[in-house]
Every structure is written in structure tokens, then in C-alpha cells.
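What follows is a short report on a single structure.
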Amino acid sequence: MCSNLLKSISGGVVAILLCANPLSPASAASSGNEAPTWLKQPLSLQDCLNIALENNSEILKSKEDLKATHGVSVQTRAIVIPKAQINGDFNVVDRDSIDRFPQSAPIPIDYPNKSWSMQVRLVQSIFEGGKIISSLKTAKLLKEQAYLNHRTVVADTMLNVRTAYADTLLAQQQIKVQEASVELLRRELEDTNRRFEAGTVPRFNVLRAEVEVANARPGLIRAKNTLRIAKHNLANLLGYHVPETVLEDIPMSLTGELTAEDFDVDMSEAIAEALERRTELAALEKAVELGEQKIVTARAGYLPSIQ
């Protein structure tokens, strides 16, 4: 009877705990990281590029860096803007602490023992040894450099998305090739078994066909794993962090086709165009100009300032 009572009490406690925490840790983690809607629909290459522009972590971080750089540029050129200064002072003198002669008359009640003062100043820098012009140039260079760095991040992300998209399509085609190879070798094994049962081929041919089928299956497994990894890489580039608990293949379908297009370009022309248009090189040029402005600002400390 006591054992039945303990079982009923323990069952009631378990029921209360289940009601208090209806979701297990795994389900809670999965509910907090739900799959996006675009993962459940066919995706073209343009769709992936558009999704990456909105959700990629590197692009989002670059946008925040743009905002931070804008604040730094505003702070840098603040030396040009006039500065308002307000100072105030209020004093109260205790009548009992005032020194006076013993025979002197008492201090009247209306004796002024309070005083206050206020000062408002507007300061404008006129000459700072070249620091004023340098601050304006530095603020402009900072914004231009941040914009060039943002363009670099966007271009690299778009390239990575294109590469991951093509890798996924390639992995899908490799699976088809490996499946066709395994199916062909399996049929050859069946045909060899029939010939062996008929007595036209020795047992060695059957063993060789079985070995060929066994050697082809790891290639199919590697192709499936390659496709799973390619999908995960593409999903990460699109801004979706695949949960650690997801071990199977994510349901991602692509509508593109794996094609090879001719791309003829001369090496010298490619190098010349890269030197002219690469945003990384332009950002480095802005960094050189920023270094020159820092030298101007440092030299301004040796010169007088006029306000």
C-alpha cells in the first residue's frame, strides 16, 4: 500500500513538472531558432543574392561599421563648429562666521550674504595650425574609406554566395553520377551471378564485381556529405545559422542549372582593371591619405592657436 502511495505521489510530481515545463530543452532550442520561410521554397541564384544582402552577418556588421564611422567623422570635424560654454557660481556666507569687533553693532538681518554669477561664452577656433582643414579632410576620408570597405564586404559576400550556390549544384550532379555508377555496377554484379549460376564464369568474376560495387558506395556517401556541407555553407551565407542538433540534410532546393560559360580575358587587361576598380586598393589609398592628415594634426601642436 505504501509503495502504491509513493508511486501516485511521484506520478503527480512528474505531471506538475511537465505542466510547468512543457517543452524539453531540445524543443525549446529548436523553437527559438526556427527555419526561415525562404528555406522552404525553391531558390534561384538571384533569390540567394537578395537574401544575403538583407541577412548576411558580414554585411550587417559592415552596415553598423558605416554608422559608427559616421559618428567618428562628426566628432572629428567638431573642431570647426563653435563651442558654447556656460559657467555658474552661487555663494552663501553664514552671518555667524563673519568676523566683527566685540563692541560693534550686530549684523543687520537684511545684510547681503548671498552672491551668484553666470558666464556664457561662445568660442570659435580661427587658427589651429592647420588642424581645422585637416579635420574636415579626415572626416571626409573616413566616410569614403568606410564606404569602400562596405563595398568590399558586399562584393566578397556575393562571390561567396555564387560559389556556394555552384558548389551545391555540383554536389547534386555528383550524387546523380555516383548513383548511376553504383546502379551500373550492381546490374553487372547481378549479371555475373547469373552467369556464375549457369557455369559460364568462375567465382572470381563474382568476387571482383562485388568488390567494385563496394568500392563505388563510399563515393556516393562522400557525394551526399559534400551536398550536405554545401547546403549548410550556403545557408550560413544567407544568414541562417543551422542548429547543432540538425544532423540530417536541410530541406533546401535550388532552381538553377550547372552550366559552364566561356570567359575569355587577357591577363594584363585583368590586372590593369583590378588596379583601377578594386575597392580594397582604393581603401588603402584612403588610409595613406588619413596617415598624412594625422601628421598634419600632430604638427599643429607645435603652432599657436587663435580663438
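The values are calculated or read from the model by the stated rules, or taken from the named source; none is laboratory data. Just so it is clear, the structure is predicted and the values come from calculations on it, not from any experiment. Reconstructed Cβ throughout: ideal geometry from the backbone, glycine too, with neighbour counts over all protein chains shown. Heads up: the accessible areas ignore ligands, DNA and RNA and are worked out on the full protein's heavy atoms, side chains in. Shrake-Rupley method; radii C 1.70, N 1.55, O 1.52, S 1.80 Å.
Summary of computed values
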| quantity | calculated |
| --- | --- |
| Residue-by-residue Karplus 3J(HN,Hα) for region 270-276, coefficients 6.51, -1.76, 1.60, Hz, glycine and proline x | 5, 5, 5, 5, 5, 5, 8 |
| Test item: Cα-centred dipole of region 39-91, Lys/Arg +1 and Asp/Glu -1 on Cβ, debye | 100 |
| Sites matching trypsin sites (Lys or Arg not before Pro) across region 198-307 that sit in DSSP coil, with at most 16 neighbouring C-beta atoms within 10 Å | Arg278 |
| Lys, Arg +1 and Asp, Glu -1 on Cβ, resulting dipole of region 194-243 about Cα centre, debye, nearest 20 | 40 |
| Dipole of region 151-202, positive end: most advanced residue of Val201, Thr163, Ile175 [Cβ charges, Cα centre] | Thr163 |
| Whole-percent pair-distance distribution, where bins are 10 Å wide, for the alpha carbons of region 161-209 | 25, 28, 19, 16, 10, 2 |
| Phi-based couplings in Hz for region 209-214 (Karplus 6.51, -1.76, 1.60; Gly and Pro marked x) | 5, 5, 5, 5, 5, 5 |
| Translational D in µm²/s for region 151-288 (Stokes-Einstein at 20 °C, 1.002 mPa s, Kirkwood Rh from C-alpha pairs) | 110 |
| Rounded percent of accessible protein surface that carbon and sulfur make up, region 44-96, 1.4 Å probe | 55 |
| Dipole magnitude of region 165-307 about its Cα centre (Cβ charges: Lys, Arg +1; Asp, Glu -1), debye to nearest 20 | 720 |
| Met267 paired with Glu244, simple spin-label distance in nm, labels 7 Å along Cα-to-beta-carbon | 4.7 |
| Under the Karplus curve 6.51 cos²θ - 1.76 cosθ + 1.60, θ = phi - 60°, whole-Hz ³J(HN,Hα) for region 175-186, x wherever Gly or Pro sits | 5, 4, 5, 5, 5, 5, 5, 5, 5, 5, 5, 5 |
| Cβ-derived FRET efficiency at R0 51 Å, Ile126 paired with Ser44, nearest 0.05 | 0.25 |
| Label-to-label distance, nm, for residues given as Val211 and Ser115 (7 Å Cα→Cβ offset) | 11.0 |
| Distant-in-sequence amide H partners of Leu254 (H built 1.01 Å from N, under 5 Å) | Leu43 |
| Set of lysines near Lys143 by C-alpha distance (under 17 Å), chain-local residues within fewer than 8 positions excluded | Lys61, Lys63, Lys67, Lys286, Lys294 |
| Long-range amide H partners of Val201 with built H, under 5 Å | Phe196 |
| Ile79-Asp191 pseudo-label distance in nm [points 7 Å out on the Cα-to-Cβ vector] | 8.5 |
| Radius 12 Å from Cβ of Glu179, net charge of other residues (Lys, Arg +1; Asp, Glu -1) | +3 |
